[in-house]
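> Attaching a single structure in structure tokens format; questions to follow.
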Amino acid sequence: MSLLPVSTALQRLLDKAAPTTATETIALHDANGRVLATDLAAGLTQPPFDASAMDGYALRAEDAVSIGTELIVIGESAAGRSFAGTVGAGEAVRIFTGAPVPSGADTVLIQEDAERLNGNRIRTGFVSLKGRHIRPRGQDFAEGEVVLNAGTRLDYTTLTVAAAMNHAAVSVYRKPLVAILATGDELVTPGAPRGPDQIVASNTYGIATLARDCGADILDLGIVPDDRAAITAAIGRAIAAHADVLVTLGGASVGDHDLVQSTLIAAGMELDFWRIAMRPGKPLMVGNLGPMQVLGLPGNPVSTLVCGLLFMEPLLSALARQPQPNRATTALTAMALPANDQRQDHLRARLSRDSEGQLWVESFGKQDSSMMKIFAHSDCLIVRRPHAPELPAGAPCPILLLRPFRDG
């Protein structure tokens, strides 16, 4: 099987991604980052009454057509404590921001434009036109009005609106379930005793975090040895849990100890493709086991995370009905980059910004796919397309941001 270009492999993966249709109703305070499954209509009218937008005095505009008019203050209207009477000719009501405008009043004179006199009287210092500083009933939304449409990703702004519309719970799409399976006789969990030939398994933590950031739930299948029966049992747990995606870490190649691919095929997986024209991460595997998509990631930590970023993140975003992430931008390279071969390169690099605001990128010298320390210190990946020509220093080059870049 020939090496697939990255773009072709990603498109084939996404072509089989069926966005979730299952829904659930959850409390509003748990709904951040979730996607609405139905239109959300207002359960009330907001504001529910004509409300004052300022502190001042509610009065009739026809009683204040000239500066210097004197009015008698007959009461007060505050938020939560409205004035029950009616404003008549020559009268005013002290009013505060958000308070109901009393019957009979049709304008608000702000307090800076009113002079307090003895005997509960004021003198106007400004001509206040009808409707001034009044928020009319229903100005924001009316009861029954659809304010948020199905497919909206909820965040701090939309959750505030949902609460204001009197919704304590919302119907959202279910999160996709991602089962993560790490394989290898050499692996132990962090903190566990290690044999002389064993290493600490770290990939699960990064992949699980990335999957959660994409709006997924995680089923951690743990670490299983290089044993067909153990791998088969773990696959069975993913199937029984109705996982949407099975992500395997390591063992997807075809060496004597790489048993994941052959065990999955024996379990019924339809292999779509494996081996991608990219570096790091060539031994990526994609297939389907019934309705469950299978994504086999390489075992080297950097390869795992690069493939997770390029393939798992778009897949899970599609399944979760989340917006596709856009990490791509450009920067000027701080050094000359050599011509590339037939595989798409992803070079770990750091960013800086000059005094004019221009982004500059500098790759780390060592790019071995087992080295995580420089990945943790990287801001981005420099993308070198297949057969890209030599790039001189100062030339623009495409990059993928690993996280939002902030100077300093």
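Read-outs: derived from the displayed coordinates by stated rules, not from any lab. The shown structure was predicted, so the numbers you read here are calculated from the model rather than taken from an experiment. Don't worry about glycine lacking a Cβ; one is built from the backbone with ideal geometry, like all the others, and counts go over all protein chains shown.
> Using the 10 angstrom Cβ neighbour count as an exposure proxy, how do C307, C397, C380 rank, fewest first? Walk me through the numbers before you get to the answer.
Numbers: C307 29, C397 19, C380 25.
Least to most surrounded, the residues fall as C397, C380, C307.
> Report the antiparallel proportion of the DSSP beta bridges in the chain as a percent, rounded to a multiple of 5. Don't skip to the answer; put the middle values down first.
On the way: 57 of 85 bridges.
Around 65 percent of the beta bridges assigned by DSSP in the chain are antiparallel ones.
> Right, here's the next one. Run the numbers on the chain and let me know its relative contact order in percent, using alpha-carbon pairs under 8 Å that are six or more apart. Present the calculation step by step, with values, prior to reporting the outcome.
Working: 941 pairs, mean separation 63.8, N = 408.
In percent, rounded to a whole number, it is 16.
> Continuing with the same structure: Let me understand the chain better: what is its radius of gyration from the alpha carbons, and its Dmax, in angstrom?
Rg then Dmax for the chain, in Å: 31.4, 99.
> Seen from all sides and averaged, what is the projected area of the convex hull of the Cα atoms in region 328-401, in nm²? Please report the intermediate quantities before stating the final value.
Numbers: hull surface 19.1 nm².
Averaging across all directions leaves 4.8 nm² for the Cα convex hull.
> When the chain is modelled as a GNM with alpha-carbon springs shorter than 10 Å, which of L221, L71, L177 fluctuates the most?
Of L221, L71, L177, the Gaussian network model singles out L71 as fluctuating most.
> If you build a Gaussian network model of the chain, linking Cα atoms that sit under 10 Å apart, which residue out of L129, L351, L28 swings the most?
Largest GNM mean-square fluctuation: L129.
> Considering only DSSP beta bridges whose two residues both sit in region 193-313, what percent are antiparallel, to the nearest 5?
On the way: 9 of 14 bridges.
DSSP beta bridges in region 193-313 are roughly 65 percent antiparallel.
> Tell me which of M371, G236, V294 sits at the most positive position along the dipole axis of the chain, charges placed on C-beta atoms (Lys, Arg +1; Asp, Glu -1).
Most positive-ward Cα: M371.
> Scan around A51 for amide H atoms under 5 Å from its own, H built in the peptide plane at 1.01 Å from N, and keep only partners 5 or more places away or cross-chain.
Placed amide hydrogens put V101, R135, R137 under 5 Å from A51.
> Using the alpha-carbon centroid of each, what span in Å lies between region 256-298 and region 48-97?
Measuring centre to centre over Cα atoms gives 73 Å.
> Counting each DSSP H run of 4 or more residues in the chain as -39500 (n - 2.57), what helix-only mean residue ellipticity at 222 nm follows after dividing by all residues, to the nearest 500 deg cm²/dmol? List each step's numbers first, then the result.
Working: 8 runs with 68 residues, N = 408.
Dividing the helical sum by the residues of the chain leaves -4500 deg cm²/dmol.
> What's the whole-number percent of alpha carbon pairs in region 140-252 lying beyond 21 angstrom? All intermediate terms of the calculation are to be shown ahead of the outcome.
On the way: 3393 of 6328 pairs.
Percentage above 21 Å: 54.
> Cut-off 10 angstrom, C-alpha nodes, Gaussian network model of the chain. Which of L259, L59, L309 fluctuates the most?
Between L259, L59, L309, it is L59 that shows the largest mean-square fluctuation.
> T8 label point, 7 Å along Cα→Cβ, cut-off 19 Å on backbone N: hits in region 388-405?
Inside the label zone: 388.
> In region 249-343, how does Rg compare with the Kirkwood Rh, expressed as the Rg/Rh ratio over alpha carbon atoms?
A ratio of 1.04.
> Enumerate the amide H contacts of G75 below 5 Å, restricted to partners 5 or more residues apart or on another chain; note that Pro and chain-start residues carry no placed amide H.
For G75, whose amide H was placed from the backbone, the distant partners under 5 Å are R94.
> What relative contact order, as a whole-number percentage, does region 42-95 give when Cα pairs under 8 Å and 6 or more residues apart are counted?
Values: 55 pairs, mean separation 23.4, N = 54.
Over region 42-95, the number comes to 43 percent.
> Let me ask something additional. Mind jotting down a quarter of the surface of the convex hull over the alpha carbons of region 51-135, in square nanometres, one decimal? Before the final figure, lay out the partial values.
Numbers: hull surface 17.6 nm².
Computed as one quarter of the Cα hull surface, the answer is 4.4 nm².
> Which Cα, out of A105, Y173, I207, lies furthest along the positive dipole direction of the chain (beta carbon charges, K/R +1, D/E -1)?
Sorting the options by dipole projection puts first I207.
> In whole Hz, what ³J(HN,Hα) sequence does region 112-119 give by Karplus (6.51, -1.76, 1.60; θ = phi - 60°), x for Gly and Pro?
Coupling constants for region 112-119: 5, 9, 10, 9, 6, 10, 5, x Hz.
> Here's something else I'd like to know. May I ask you to list the trypsin sites (Lys or Arg not before Pro) in region 127-181 that are in a DSSP loop and have at most 11 other Cβ atoms within 10 Å of their Cβ? Present the calculation step by step, with values, prior to reporting the outcome.
Working: sites: K130, R132, R137, R153, R174; in loops: K130, R132, R137, R174.
Passing sites in region 127-181 are K130.
> In the neighborhood of E186, defined by Cβ-to-Cβ distances under 11 Å, what is the net charge if each Lys or Arg adds +1 and each Asp or Glu adds -1?
Counting the neighbours of E186, the net charge comes to -2.
> Amide H neighbours of I276 under 5 Å, at least 5 residues apart or on other chains, H built in the peptide plane: list them.
Close amide H contacts, sequence-distant or interchain: L4, L284.
> Where a ≥ b ≥ c are the square roots of the eigenvalues of the C-alpha gyration tensor, would you call region 278-408 rounded, which needs a/c under 1.5, or, failing that, prolate if a/b is larger than b/c, or oblate?
Numbers: a/c = 2.02, a/b = 1.57, b/c = 1.28.
Prolate.
> Oh, and also: What percent does the relative contact order of region 337-379 come to when contacts are Cα pairs within less than 8 Å and at least six residues apart?
Working: 36 pairs, mean separation 16.9, N = 43.
Once normalised by length, the contact order is 39 percent.
> So, with +1 on the Cβ of K and R and -1 on the Cβ of D and E, and no other charges, what is the size of the charge dipole of the chain about its Cα centre, to the nearest 20 debye?
Numbers: 35 positive and 42 negative charges, 67 e Å.
Approximately 320 debye in magnitude.
> Which lysines have a Cα lying under 19 Å from the Cα of K366, excluding residues fewer than 8 positions away in the same chain?
Correct list for K366: K282.
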